[in-house]
1. Please state which one of 187, 204, 177 is touching a residue at least 40 places away in the same chain (Cβ under 8 Å), closer than 22 Å to residue 14 by Cβ and among the aromatic types (Phe, Trp, Tyr).
2. Determine if segment 191-207 includes at least one residue that is outside any loop (DSSP other than H, G, I, E, B) and farther than 25 Å from residue 62 by Cα.
3. Find the residue count for segment 134-169, including only residues that are farther than 21 Å from residue 12 by Cβ and part of a strand (DSSP E or B).
4. Could you check segment 207-234 and list, in sequence order, the residues that are under 22 Å from residue 79 (Cβ atoms), at pLDDT below 95 and either of a type outside the set (Phe, Trp, Tyr) or touching a Cys at 6+ places or on another chain (Cβ under 8 Å) (or both)?
5. All but one of (1) at pLDDT 95 or above; (2) over 29 Å from residue 126 (Cβ atoms) hold for residue 146; which doesn't?
6. For segment 166-175, state whether one or more residues are at pLDDT 95 or above, touching a strand residue (DSSP E or B) at 6+ places or on another chain (Cβ under 6 Å), surrounded by fewer than 16 Cβ atoms within 10 Å (Cβ to Cβ) and not β-branched (Val, Ile, Thr).
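The values are calculated or read from the model by the stated rules, or taken from the named source; none is laboratory data. Worth saying up front: this structure is predicted, and the values here are computed from it rather than measured. In this analysis, Cβ positions are derived from the backbone assuming ideal geometry, glycine residues included, and neighbour counts consider all displayed protein chains.
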Amino acid sequence: MNPLLNHPGYLIQTSQQAHSLDTYLVKRMGHAYQQFCASWDKLLPDPYLRDGGHYRLRRYSVFNWQSGRLTLLPHEPHYQSGYHNKLHGGFNRHFRPWLPTTIQNPALLEMIRWCVKQFSRSSTQLWRIQAHQFRIRTSAKEQGKPTPEGVHKDGADYILIMMINRQNISGGQSLIYDNQRQALEAYTLEQRGDLMLINDQKIYHGVTPVTPTNPNQVAWRDVLVLTFHRFKKQ
């Protein structure tokens, strides 16, 4: 296990660091990685935004991971309790699934494999993974909100937040707090492959809104979010 996930409860990795996940993906599977990132151009609008916004596009699928194997589960609605998501919790939200070509992309397997190595001592532990592709758009007429619910927990064990693309935006600063809501870090994921891995039991997180740097050009923030839930035997 990576000791940072125990204390302070999160780690940050930039794409420029030696032996980063991004560097590995570029060197070992450059074309597949490019295709994986390009799939964010095929997301669909989120119809459930209760703040009246039209800024979020997404896809959602659920997997199991065990012994290095990824299994796609039957498609299901996304549900969060009102305790964890006061804005959009307490009801089922039906999103379109990931595209088959994205699911089958080997870059996804390597991302999950890297994550599990950071926090699991057992290769046979079964993990349920909720996989989210997000695009947050912004314009001169509308601010984009990566986390409209504010600072929160996801109700998971661990969370990967990985930058896929930033296009013409300002803001989008990731905020990290301990369980007493004391600020620990404010960091902006700037480049593709920059990431945060969070122990959700120890950390609250959120992201500041985004606005266009140049209001006359399109602007968006693309992020991959994977929430890992340890399967506990009954």
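1. On the way: 204 fails: closer than 22 Å to residue 14 by Cβ; 177 fails: touching a residue at least 40 places away in the same chain (Cβ under 8 Å).
Just a single option satisfies the conditions, and that option is 187.
2. Here is the first cut: in segment 191-207, the ones outside any loop (DSSP other than H, G, I, E, B) are 195-199, 203-207.
Retained after the next criterion (residues that are farther than 25 Å from residue 62 by Cα): none.
Within segment 191-207, not a single residue is outside any loop (DSSP other than H, G, I, E, B) and farther than 25 Å from residue 62 by Cα.
3. Result for segment 134-169: 5.
4. 232, 234
5. (1)
6. Pass one, segment 166-175, residues at pLDDT 95 or above: 166-175.
Adding the requirement that they be touching a strand residue (DSSP E or B) at 6+ places or on another chain (Cβ under 6 Å) leaves 166-175.
Then drop every residue that is not surrounded by fewer than 16 Cβ atoms within 10 Å (Cβ to Cβ), which leaves 167.
Those still in the list that are not β-branched (Val, Ile, Thr) too: 167.
So far as segment 166-175 goes, yes, one or more of its residues are at pLDDT 95 or above, touching a strand residue (DSSP E or B) at 6+ places or on another chain (Cβ under 6 Å), surrounded by fewer than 16 Cβ atoms within 10 Å (Cβ to Cβ) and not β-branched (Val, Ile, Thr).
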